[in-house]
Amino acid sequence: MAAETPICNFGWKAVDFRLPGIDGRDYTLADVAGPNGLLVMFICNHCPYVQSIVDRLVRDVTALKPHGIGAIAVMSNDTGRYPEDSFENMKRFAEAHGFTFPYVIDATQEVARAYDAVCTPDFFGFNAALELQYRGRLDASRKQAVADAEPELLNAMIQVARTGRGPEHQIPSMGCSIKWREEA
C-alpha cells in the first residue's frame with residue numbers, strides 16, 4: 001500500500017542510534033554525519049518505489065559527499081514477513097546497486113519509530129546541527145522513472161549544505177508503507 005510522508009518538521013533534532021551495517025560495523029549519527037549535514041534514508045530491497053529510484057539515489061548521494069553531506073540507509077521492515085528484505089538480501093541489493101554509503105538494519109524498528117518513518121523511501125535531510133531541513137522526495141518519479149526529473153533531494157541538500165536551511169516548498173515522498181512487526 002502506498003504511503004506519503006508528512007510535511008517537514010523544520011528544526012526537529014535527529015535521534016541517535018547504533019545499528020549494524022552490512023559491512024559488519026555498527027553505525028551512529030556521529031559516524032555518518034558530514035560537516036554540513038546528514039541524509040537518513042529509510043529504504044528496503046523489495047519496494048518498487050525504491051527499486052525505481054535506487055540508481056539515481058546512489059548517484060545523488062555520491063554527488064552530495066563533496067558538499068559535506070553524509071548519508072546512511074536504514075532498512076526497518078519486518079524481515080520475518082518480508083524475507084526479501086533480509087540482512088543477506090540487503091548485502092546483495094547494496095552490492096548490485098553500488099552503494100557508497102552504509103546500509104544498516106533496524107531489526108527492532110525502534111529507529112523507524114523514533115523518526116516517525118512512514119514509507120520506503122522516506123528521506124530525512126539534516127543540517128550541520130542535525131536539525132531537520134528536508135522531508136521530501138528524491139524527484140518526480142514514483143514506480144516509473146521520470147525522464148529529466150528535477151533532482152529535488154540533491155538540490156535541497158546542496159542548499160542545506162550551503163545555508164543550513166532547506167527549501168520551504170517540499171513535495172512529500174511516496175512509497176510502500178514500512179512493514180511493521182505484529183506485536184505479540
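Data overview
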quantity: Residue tally, condition open to solvent by 60 Å² or more (accessible area, probe 1.4 Å) and either farther than 16 Å from Asn127 by Cα or in contact with a Gly (Cβ under 7 Å, 6 or more places away or on another chain) (or both), over segment 146-158; calculated: 4
quantity: Identity of the residue in segment 159-176, hydrophobic (A, V, I, L, M, F, W, C) and open to solvent by 50 Å² or more (accessible area, probe 1.4 Å), that ends up modelled with the highest pLDDT; calculated: Ile171
quantity: Residue match in segment 63-70 (condition: part of a strand (DSSP E or B), on the phi < 0 side of the Ramachandran plot and in contact (Cβ under 8 Å) with a residue 12 or more places away in the chain); calculated: yes
quantity: Ala94 vs. criteria touching a residue at least 60 places away in the same chain (Cβ under 8 Å) and over 19 Å from Lys179 (Cα atoms); calculated: yes
quantity: Any hit, segment 14-21, residues being surrounded by fewer than 17 Cβ atoms within 10 Å (Cβ to Cβ), closer than 16 Å to Phe124 by Cβ and in contact (Cβ under 8 Å) with a residue 24 or more places away in the chain; calculated: yes
quantity: One residue from Lys143, Lys179 being open to solvent by 20 Å² or more (accessible area, probe 1.4 Å), within 17 Å of the chain's Cα centre (by Cα) and more than 22 Å from Asp116 (Cβ to Cβ); calculated: Lys143
quantity: Scan of segment 58-76 for residues that are open to solvent by 10 Å² or more (accessible area, probe 1.4 Å) and of a type in the set (S, T, N, Q), ordered by number; calculated: Thr62
quantity: Segment 22-49 - residue that is at negative phi and in a strand (DSSP E or B) and, of those, surrounded by the fewest Cβ atoms within 10 Å (Cβ to Cβ); calculated: Asp26
quantity: Checklist (1) within 27 Å of Ala145 (Cβ to Cβ); (2) buried (at least 17 other Cβ atoms within 10 Å of the Cβ); (3) without any contact (Cβ under 8 Å) to a residue 60 or more places away in the chain applied to Asp55, failing item; calculated: (2)
quantity: Scope segment 85-108; condition among the small types (Gly, Ala, Ser) and either assigned to a helix (DSSP H, G or I) or more than 24 Å from Thr62 (Cβ to Cβ) (or both); matching residues; calculated: Ser86, Ala94, Ala96, Ala107
quantity: From Ala145, Ala140, Ala161, Ala129, residue being of a type in the set (A, V, I, L, M, F, W, C), in a loop (DSSP other than H, G, I, E, B), touching a strand residue (DSSP E or B) at 6+ places or on another chain (Cβ under 9 Å) and over 12 Å from Cys8 (Cβ atoms); calculated: Ala129
quantity: Among (1) in contact with a helix residue (DSSP H, G or I) (Cβ under 7 Å, 6 or more places away or on another chain); (2) within 20 Å of Ala149 (Cα to Cα); (3) not small (Gly, Ala, Ser), the one test that Ile22 misses; calculated: (2)
quantity: So Val111, is it touching a residue at least 24 places away in the same chain (Cβ under 8 Å), under 23 Å from Thr62 (Cβ atoms) and outside any loop (DSSP other than H, G, I, E, B); calculated: no
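The values are calculated or read from the model by the stated rules, or taken from the named source; none is laboratory data. Bear in mind that the values here come from a model prediction, so they are computed numbers and not experimental data. Here the Cβ is made from the backbone with ideal geometry for all residues, glycine too, and neighbour counts use every protein chain on show. Note: areas computed on protein heavy atoms with side chains; ligands, DNA, RNA excluded. Shrake-Rupley method; radii C 1.70, N 1.55, O 1.52, S 1.80 Å.
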